[in-house]
Structures are given as C-alpha cells and as structure tokens.
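Trainee: Can you read through this structure? Questions will come right after.
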Amino acid sequence: MSVVTIQEVKIHLSQLLDRVRQGEEIIISKGRQPIARLVPVIQKAKRQTPGTARGKIRIHKNFDAPLPKKIRDALIW
C-alpha cells in the first residue's frame, strides 16, 4: 500500500491507475491526513445459466453403484 498526495495524483494519475489495475492499493492524502483510497474494481462472476451443458454430459447407468471392494479397502476413512 502506498500513500500519495493530491498533487502527486494530479501529475501521475495514469501511472497510479496502472498500479491499481495490477492489484496495488493506494491511499490519497491531503497533508498527513488520508482522505481516499484507490482500489481495484472486483469483477463480478458471470452468471451461470442452467441447462447450457444439456446434451454435452453423459452419466453412466452405474454411476452411483458401490465401489469395488478392492478400492473401498484402499480408502482411508
């Protein structure tokens, strides 16, 4: 996290925004008093639409059958 003055922001805004885009948080101060914070915008996850994989996935008929004994015995519970 860096602290910059309003004057520095006026001169170097583009460079500061590049740093913020890379994940850095920057505090803007007036004198020694912090007054604002520049932080990256968090992108919202895309909304998932039910049914978009229809026809692309197949589940075998014995999908939920018990595991073979050899595999069950090897599992650590």
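Values quoted throughout were computed directly from the atomic coordinates according to the rules given, and no laboratory measurement underlies them. Everything numeric in this text was worked out from a predicted model, so none of it was measured. Using ideal geometry, Cβ is built from the backbone for each residue, glycine included, and neighbour counts are taken over all protein chains shown.
Trainee: Considering only residues that are part of a helix (DSSP H, G or I), more than 11 Å from residue 38 (Cβ to Cβ) and not small (Gly, Ala, Ser), which ones fall in region 3-17?
Mentor: Within region 3-17, 6, 7, 8, 10, 11, 12, 15 qualify.
Trainee: Go through region 1-57 residue by residue and tally those that are of a type in the set (D, E, K, R) and surrounded by 10 or more Cβ atoms within 10 Å (Cβ to Cβ).
Mentor: 8
Trainee: Looking at region 50-73, which of its residues are charged (D, E, K, R) and part of a loop (DSSP other than H, G, I, E, B)?
Mentor: Passing the criteria: 54, 56, 58, 61, 64.
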